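Novice: Here it is, the structure in full.
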Amino acid sequence: MEKVRKILAETFSVRESDLTENIEMTDIESWDSLTHMEMIANLESELHIEFTADEIMEMTNVGKIEKMVGEKLSGN
C-alpha cells in the first residue's frame, strides 16, 4: 500500500523504495519504541483508523502493518 509506505518512510526517515513487505523493526535503525508509537499515531491520524494494543504489538514488519491497515480500511 503506497500510502502506508509513504507514512512509514517519513516516520523512520528512510526511502520509500527501501521498504519491502519483509522489512522488520530490526532492519531499520531508527525504528525503536518511540518511533513505533509515532508511526502508529501517524497511521491512525492520516488514515482515520484505530489500532488495539495487541495490534500495535504485532506491527513488527511492513507486510503485517500493510495487512492490518488493509483490514481496517476494508472494515474487517
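Novice: Of the conditions (1) in contact with a His (Cβ under 9 Å, 6 or more places away or on another chain); (2) farther than 21 Å from G75 by Cα, F12 clears all except one; give me its number.
Specialist: If we test F12 against (1) in contact with a His (Cβ under 9 Å, 6 or more places away or on another chain); (2) farther than 21 Å from G75 by Cα, just (1) comes out false.
Novice: Say we look at the stretch 28-51 and pick out the residues that are within 11 Å of F12 (Cα to Cα) and open to solvent by 50 Å² or more (accessible area, probe 1.4 Å); which of these is farthest from the chain's Cα centre (by Cα)? Explain how you work it out, then say what you get.
Specialist: Step one: list which residues in the stretch 28-51 are within 11 Å of F12 (Cα to Cα), which gives 28-32, 34-36, 38-39.
If we keep only those that are open to solvent by 50 Å² or more (accessible area, probe 1.4 Å) too, we end up with 29, 32, 34, 38.
Details: E29: 15, D32: 12, L34: 13, E38: 10 Å.
Taking the candidates together, the pick is E29.
Novice: Has the stretch 38-45 got any residue that is under 14 Å from K72 (Cα atoms), at pLDDT 95 or above and of a type in the set (A, V, I, L, M)?
Specialist: Taking the stretch 38-45 first, the residues under 14 Å from K72 (Cα atoms) are 40, 43-45.
Filter once more, so that each one left must be at pLDDT 95 or above: 40, 43-45.
Those left that are additionally of a type in the set (A, V, I, L, M): 40, 43.
Yes: the stretch 38-45 contains one or more residues that are under 14 Å from K72 (Cα atoms), at pLDDT 95 or above and of a type in the set (A, V, I, L, M).
Novice: Can you work out which of the residues in the stretch 15-29 that are touching a residue at least 24 places away in the same chain (Cβ under 8 Å) and of a type in the set (V, I, T) is farthest from E58 (Cα to Cα)?
Specialist: To start, the set of residues in the stretch 15-29 that are touching a residue at least 24 places away in the same chain (Cβ under 8 Å) comprises 19-25.
Keeping just the survivors that are of a type in the set (V, I, T) gives 20, 23.
Values: T20: 17, I23: 14 Å.
Of everything passing the filter in the stretch 15-29, T20 is farthest from E58 (Cα to Cα).
Novice: A further question on this structure: What about E55, is it more than 9 Å from the chain's Cα centre (by Cα), under 25 Å from G75 (Cα atoms), modelled with pLDDT of 95 or more and surrounded by 14 or more Cβ atoms within 10 Å (Cβ to Cβ)? If you could, list the steps in order and put the result at the bottom.
Specialist: Numbers: more than 9 Å from the chain's Cα centre (by Cα): yes; under 25 Å from G75 (Cα atoms): yes; modelled with pLDDT of 95 or more: yes; surrounded by 14 or more Cβ atoms within 10 Å (Cβ to Cβ): yes.
Answer is yes for this residue.
The values are calculated or read from the model by the stated rules, or taken from the named source; none is laboratory data. On a predicted model such as this, the values are computed, not experimentally measured, just so you know. Backbone-built Cβ (ideal geometry, glycine too); neighbour counts: all protein chains shown. These accessible areas exclude ligands, DNA and RNA; they are computed on the full protein's heavy atoms, side chains included. Shrake-Rupley method; radii C 1.70, N 1.55, O 1.52, S 1.80 Å.
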